[in-house]
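The values are calculated or read from the model by the stated rules, or taken from the named source; none is laboratory data. Keep in mind it's a predicted model, so treat the numbers as computed, not measured. Here Cβ is always computed from backbone atoms with ideal geometry, including for glycine, and neighbour counts include all displayed protein chains.
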Amino acid sequence: MSNLGAIFNIAKSALSTQRYGLDVTAQNIANVNTPSYSRQTPVLEAVQPVSSGNLIIGQGVNTAQVIRSSDQFIETQLMQQRSKMSFSEEMENYIQVLEGIFNENLDTSISSMLSDFWNLWQDISNSPSGISERTALYEHSILLSEQFSALDGYLANLETDLTNSLNSGIGEVNRISNEIAQLNGQILELEAGGNTVNDLRDKRGEMLSELSEYLDVNTFDQPNGTLTVLTARGCILVQGDSSYGLEMGGDNGDRVKWQASGGTTVDITNYLNNGKLGGWLTMRDAIIAKYKLDLSSLAEEFVWAVNSQHSQGVGLELFQPSSNVTGTYKTSNTLGDLNYGVAADAYVDYSGTFKLWIGDGQGENLQDITIDLDSVLGNIEASSSLTDLRDTINAQINDQRPLLNGTVAASLSASGDAIIFTADANHTFGFSDDTSSILAAVGVNTFFKGASAGAIDIMDTIGSDKTFIAAARIAADGSYASGDNSNALAIADLQYTSLDIPQWTCDRITGNTEGNLNATIENYYHALVGSIGTTASGISSGRLINEEMVMKLSDIRDSISAVSLDEEMTNLIKFQSAYEAASKLISVADEMLETLLNIK
Amino acid sequence: MRVANKTIYDMVKFNLGKITEELNHANRVVSTGKRISDLSDDPVGLTQALNIKSALSNFEQLGRNISTGNSWLTASESAMSNVQDLISDAKTLCIQMATATIGASERISASETVQNMLEEVVSLANTELNGLYIFSGSKTDSAPFSQDGTYNGDNNPFTIKIGRDSSVQVGSDGGAVFGTIFNTLSDLKDALVANDVDGIQTAMGNLDTHFDHVSNKISDVGSKMLRMEIKENIFQDLKINNTERLSEIENADITEAIIDLQAKELVYQAALASSAKVMELSLVDYIK
């Protein structure tokens, strides 16, 4: 048989359950703008009824559990897509900086400076004896060298910036990993009783999504409620309540290393492909690395092309009595080790010859000595040393012009790594017809010194005396004239010459591969700039696609997990009405009890 | 699909952000007049534009080379014409002096005229342009002819570049241009002094040969000038064509750009209006 107390009990359970429903609704409303919040729904169930005789009597209502609306598959997808988006956002930020550096709308662009460089050689060819044209070329060449160095410097700075960003990014990764480990510990403790700690799980999801903005993340749910977090190469960041950190290491402190518990480390640099860390590494090791190498290859080929032509010529005067010319490309080992930029000895023909001309103190009555690298007086190979080269030059001078022996001679610098041509007080000298390119390789009678984009500069001899700009050539009869512009024209013609210039592909796994592009100096540079544009536009569209994907997945995630105020308002009224009805139940039961108590 | 409040706000933010970005780009095209302001705007067009700019810079340089060449050729032509006039004057003098009625004293005074002519020819053969001797081969820093007519230059005439694969000799090997003209004049002077009519007549014949030779050289110069003029016209045309192409690649079609901007503005306004509407709707407002 039912009794009045039962009604009170049922009403009591209804009041507390509906009120709890209002609590959950309030929590949902409060978190309408919380990004990672998963809306909660109380699941109500009737309390197991009791049988009394042949009647079943209900025992009221109870909140069985509170469900968290969350789809693990979508959450994982979203996390990975967010990771890709941070990757492309960082790539876009840096490629925009790169675009700015190579901006061609400026007059100081390498492209227009190269055009002007060739034009100035033509100006010299129009007035080979004019000093103002030579000075203009010299000043402009300094600007051009500085621009090459500046570009190289900007790229190096970007690399340093990226390494610094990696450093602070790794700090964040370690902090977040540590927090996730702590949350794992709390969840393990609180869920031991069989409850689900929804808010802590949301919090952990949020930290995980923050972590995935930095790097590749893979997760496994453990039966005990903890989450195992892995990154590239399967390295564990979080397991249970412990975390494993990352650090910067390697010879230059630019590698990302995972620290295992035993103190050993694993280099994961090349395997991080997502998140900000992946973006920074791809930018540094694949994109900037390529353009830095391309720019340097261009500078090297440019310097070599100009130098090897310039070294064939003669200025307005010969190298003066008592003066010396010191080679700017040095080696303490073999000639094959000379660092003249372009891919070493393939550019020198060791079967070639060059002419050394020795004139009197006034630079007249020139006599030639043909220096043969493949001579019985000393056979020069890539494996020969500067000493061998010096000895064969001096031997051939003595052999061909015994009377001039010692008037102009080759020697080595104090440290033995550079060749020097020195004239005595009564003789002058010059060069011509170098079929071996050995003069350009040792840096004698060249226009530029330095061989990389960062180190290119003008020869000191030319800097101090512009008459040494070699616009002319010494003719076969030993004459040279101030109106001869043949070498200047040959240098100006280099602008039309297609060269095989190395073009690089930088892959983070397979490393840097050298290909080549057959193009003129300027067209190669234009292709380089165009390639930066193409890369930038690819990265931008990638970013846009990732953004749209994140948006789509967020929509799906939110349609499952986020709060709708309309729904919550409806729930509010639903629970409120039920609460009012349960109150009514108590007041009715109370009246009934009163009726009963009032029976006289 | 269930739509949460967050979805509405996120969508508004995302869409307005995207439209603002497009609006900004359209505005930049209109306000700069350029299609390409970043390398990524049109990498292929940019590479073409850079190649065209290099070519234009080269055409301008070649144009400057041609004008340098023209000044050399003009100076040569004028010097040679003056020499030709002098040869012609000398011949007239020869005709006068060869007649029997002329006496020895008149011939001696005519010899002084010939001496002046000789000096004048040497001076013309030593013509300088901006301090450079144009008849000196490549030895442009020293006078090609000494007073006795000895040639000190070389046979490597000054050359300028007028195209990628073409060059023109605008200076001259003075020895080849003037040949033995100095000897002829000198001989004529001696014949006049010696009152030698036969000598005068020999000189007269040689002067004819020199006259023809210099004429040929002048017409050589003329044809070079013509060739340079043709080249110059070609470069002018190329410059115009390339400038047009460059402008097509680099510059925005303003009408199109403005229409594009207006379309983007319209989209932006519509998005703003609908966003404002959607955001203010909520059941909250209807529950008392």
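Only a single item in (1) at pLDDT below 95; (2) assigned to a helix (DSSP H, G or I) is not met by A:Leu316, and it is number (2). When you look at B:Thr74, is it facing another protein chain (nearest Cβ under 8 Å) and over 27 Å from A:Ala536 (Cα atoms), yes or no? The answer is no for B:Thr74.
Would you say B:Glu265 is among the charged types (D, E, K, R) and either within 14 Å of chain A (Cβ to nearest Cβ) or over 25 Å from B:Leu16 (Cα atoms) (or both)?
For B:Glu265, the condition - among the charged types (D, E, K, R) and either within 14 Å of chain A (Cβ to nearest Cβ) or over 25 Å from B:Leu16 (Cα atoms) (or both) - is not met.
From the list B:Gly45, B:Gly63, B:Gly69, the lone residue that is part of a helix (DSSP H, G or I), within 14 Å of chain A (Cβ to nearest Cβ) and over 27 Å from B:Ser172 (Cβ atoms) is B:Gly45.
Scanning region B:187-227 for residues that are β-branched (Val, Ile, Thr) and closer than 24 Å to B:Gln115 by Cβ turns up B:Val193, B:Val197, B:Ile200, B:Thr202, B:Thr209, B:Val214. Listed conditions (1) more than 11 Å from every other protein chain (Cβ to nearest Cβ); (2) within 28 Å of A:Arg82 (Cβ to Cβ); (3) surrounded by fewer than 17 Cβ atoms within 10 Å (Cβ to Cβ) are all met by A:Asn516, apart from (2).
Screening the candidates B:Ile258, B:Ile287, B:Ile240, B:Ile254 for the property of being loosely packed, with under 12 Cβ neighbours inside 10 Å, in contact (Cβ under 8 Å) with a residue 40 or more places away in the chain and out of contact with any Pro (no Cβ under 9 Å at 6 or more places or on another chain) yields one hit, B:Ile254. Within region A:447-481, the set of residues being touching a strand residue (DSSP E or B) at 6+ places or on another chain (Cβ under 7 Å) and closer than 12 Å to A:Pro128 by Cβ comprises A:Ala470, A:Ala472, A:Arg473, A:Tyr480, A:Ala481. Inside region A:466-492, residues that are among the acidic types (Asp, Glu) and either crowded, with 18+ Cβ neighbours inside 10 Å or in contact (Cβ under 8 Å) with a residue 40 or more places away in the chain (or both) make up a count of 1.
Note on region B:1-42: residues that are small (Gly, Ala, Ser) and part of a helix (DSSP H, G or I) amount to 4. Applying the criterion of at least 2 residues that are away from chain B (no Cβ under 14 Å) and either in contact with a Gly (Cβ under 9 Å, 6 or more places away or on another chain) or within 30 Å of A:Ala232 (Cα to Cα) (or both) to the strands (runs of 3 or more DSSP E) found wholly in region A:35-141 leaves A:40-46.
For region A:532-550, the criterion of a residue being within 8 Å of chain B (Cβ to nearest Cβ), in contact (Cβ under 8 Å) with a residue 60 or more places away in the chain, farther than 30 Å from B:Arg2 by Cα and in contact with a Pro (Cβ under 7 Å, 6 or more places away or on another chain) is satisfied by at least one position.
Inclusion of A:Gln222 among residues that are over 14 Å from A:Val173 (Cα atoms) and surrounded by fewer than 17 Cβ atoms within 10 Å (Cβ to Cβ) is warranted. Within region B:112-135, being touching a helix residue (DSSP H, G or I) at 6+ places or on another chain (Cβ under 6 Å) and under 25 Å from A:Gly130 (Cβ atoms) holds for B:Leu124, B:Ala125, B:Thr127, B:Leu129, B:Ile134, B:Phe135.
Taking into account only those residues within region A:350-380 that are aliphatic (A, V, I, L, M) and crowded, with 19+ Cβ neighbours inside 10 Å, which is farthest from A:Ser437 (Cα to Cα)? Spell out the reasoning first.
Of the residues in region A:350-380, the ones aliphatic (A, V, I, L, M) are A:356, A:358, A:366, A:369, A:371, A:373, A:376-377, A:380.
Within this subset, residues satisfying the condition of being crowded, with 19+ Cβ neighbours inside 10 Å are A:356, A:358, A:366, A:369, A:371, A:373, A:380.
Working: A:Leu356: 13, A:Ile358: 20, A:Leu366: 22, A:Ile369: 16, A:Ile371: 12, A:Leu373: 11, A:Ile380: 13 Å.
Out of the qualifying residues, it is A:Leu366.
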